[in-house]
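Down below is the structure, laid out as C-alpha cells.
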Amino acid sequence: MDIDATLQTFARFGVRLGLESIQQLLKALGNPHEQVPIVHVAGSNGKGSVCAYLSAVLTEAGYRVGRYTSPHLVRWEERICVNEQPIATSDLEQVLQQVIAASQSLDPSPTQFEVFTAAAWLYFAQQHVDIAVIEVGLGGRLDATNVCDRPLVSIITSISREHWQRLGPTLADIAWEKAGILKHSGIAVIGQLPSEAAAVIHRRTAELECLTVYPQPAKALGDGWAEYQGVEEYDIQPESPDLEAEGIIILKALKYRSPLLGDIQRHNAALAIAALQVLRQQGWQISDATIVNGIAKTRWAGRLQWFHWEGHKILIDGAHNPASAEVLRQFMDSPAIVSNRSTQIHWVMGMLSTKDHADVFKALLRGGDRLYLVPVPDHSTADPEKLAALAYEVCPDLAACQTYLDVLPALEAATSDQPSATRMKPKTDAPLTVLCGSLYLIGHFFQAVDAAL
C-alpha cells in the first residue's frame, strides 16, 4: 500500500467538523475508542509538547502508552506512537485497510483526518495500551478525537486567534469550541488564557461541574532546571467536594529539567505535571522520580530545536501562528541568545495561505534583519512574492528580503556569510539563521536532508 496515495483519496472530502461521521466509522469497527482510557489535550499552541511530556512520563512509569498527534513532520507514522515509537509501516497499512473497508458502506465518506483518527483508535485497542494521550486536531467540540464520554483528564493548553475561519472570529468563539472537550463532572487542567477566553472556559466548567485546576508556570532555576509550583487556585463549584479532601490532586513542588527550549515550556510542563498528579490520585503509579526522569527524556522535534546543517548551527521552529511567533521572538530575545550573537537575524520562512501573515511578521521581524521567503511544498502555500511585499510594509527597515523556489537554496543564501562551525569557531557577532513559519515547511526540510527524528 502507498500510504500517501491511499490517504490522498480521502483528502478530497476536505475538513468536515462534526462527530456523526467518525462515530459511524468507529461503530463499524467495533467502537475501539471505548476500550482505551485517554487524556485529551486541546489548545492553540503547546498541545504537542504537553502530549510529548505525558507520553514520556507514562512510558517511564512502565505503562503501555499510545500517543496520537498531528500533523506529522515527515511520515504519517509519526502521528501514532506506542511507548514513544512510531507505528510500523506494515501495522499502519493493516489498520488503514481495516478502516477503509469499514468505511465503504458509509455515507458521507469519512474525511482523511477521520480515517486516520479511526486507525489510531483501532491500533491502540489492538495493542491493548493502558492509556492513550490524544491531541485534538482542530478546535475540540466537533473534532474527530472528541468521541470519548469520560476522559481521565481534559487539558486546554492555550487559546489564541487561530483557525478563526472555522472556529469563529473572536477568542470567545474559539474558547467555546475548545471547551467542547470538557465533560460533565470531569477533571480539567487549564492553562493561562486571555481574559476573554478564560471567561468562557470558566463558565463552561461551572456549567459542567468540572473539578478544575490552574497550574502556575514552573519557576526557572537556571541551567535548564525548573520547579513546578502547584496550582494558582482550585475552581470548585458549590456542589463539588473539596479537592484535597477527595484526594483528587496533591500539591507539591517538584524540580525537573526539560530538554525542550523556551520559557513557554515551563507552562507546558506544569500542565503535564498537574495532569499526571490527577492520574496519580486516580490510582496510576507515577512517582515524582518517574515524572522527573520522564520529562528529561521528552523529545519533540521541530519546536525551538537547534540543528546542524552544512556546518552551520541553525534554529528551527514551526512558529505557524502569531502566538507561536511571539514565543519564538521571546526566545530570540532571551539573554542566553542575545549575549552570544549579533542582533541581526536571517529568517528563512514559508507560510500557508490561511495564516495571519502580517501578525506573524509583526511578532518576528526587526529592523536590520534579513528575510528569505520560500513556498511550502505540497500545501496551500502563501505566495513568497506577496509575502515579501507585506514584509516590507510591516518592517520597512529590513536589511534585505529575497524569495527562493525552495528551502535549501534559501538556507544556503542565509548562511553564506556565516563561518562554518566545522572550519572555525563561530564569531559571537555572526547573524543567526532561523527556519520557521510552518511545520509543513520544517517537515519538508527534514525530509530533504534525511534528518533522523
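None of the figures in this text is laboratory data; all of them are computed from the coordinates on show. Being a predicted model, the structure only gives us computed values, none of them experimental. Note that each Cβ is placed from the backbone with ideal geometry, even for glycine, and that neighbours are counted across all protein chains shown.
How do the helices (runs of 4 or more DSSP H) wholly within segment 1-113 filter down when requiring 3 or more residues that are buried (at least 20 other Cβ atoms within 10 Å of the Cβ) and either of a type in the set (Ser, Thr, Tyr) or touching a helix residue (DSSP H, G or I) at 6+ places or on another chain (Cβ under 9 Å) (or both): which remain?
Here the list reads 20-28, 47-60, 89-103.
Report the residue count in segment 277-292 for those that are in contact with a Gly (Cβ under 6 Å, 6 or more places away or on another chain) and closer than 23 Å to Gly224 by Cα.
Counting residues in segment 277-292 that are in contact with a Gly (Cβ under 6 Å, 6 or more places away or on another chain) and closer than 23 Å to Gly224 by Cα gives 0.
Just need a number here: residues in segment 1-31 that are among the basic types (Lys, Arg) and more than 26 Å from the chain's Cα centre (by Cα).
Total satisfying the criteria: 1.
For segment 304-343, what are the residues that are in contact with an Asp or Glu (Cβ under 6 Å, 6 or more places away or on another chain), surrounded by 14 or more Cβ atoms within 10 Å (Cβ to Cβ) and farther than 17 Å from Lys362 by Cβ?
Scanning segment 304-343 gives a single hit, Leu304.
Please note which strands (runs of 3 or more DSSP E) are completely contained in segment 139-234 and include at least 3 residues that are of a type in the set (Val, Ile, Thr).
153-156, 187-190
Show me the strands (runs of 3 or more DSSP E) entirely contained within segment 297-406 in which 3 or more residues are on the phi > 0 side of the Ramachandran plot.
In segment 297-406, there are no strands (runs of 3 or more DSSP E) which contain 3 or more residues that are on the phi > 0 side of the Ramachandran plot.
Residues in segment 175-229 that are among the hydroxyl-bearing types (Ser, Thr, Tyr) and more than 22 Å from Pro37 (Cβ to Cβ): how many?
Qualifying residue count, segment 175-229: 3.
For (1) crowded, with 23+ Cβ neighbours inside 10 Å; (2) farther than 20 Å from Ala270 by Cβ, each residue gets a yes or a no:
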position	(1), (2)
Ser158	yes, no
Thr170	no, yes
Glu177	yes, yes
Ala206	no, yes
Glu227	no, no
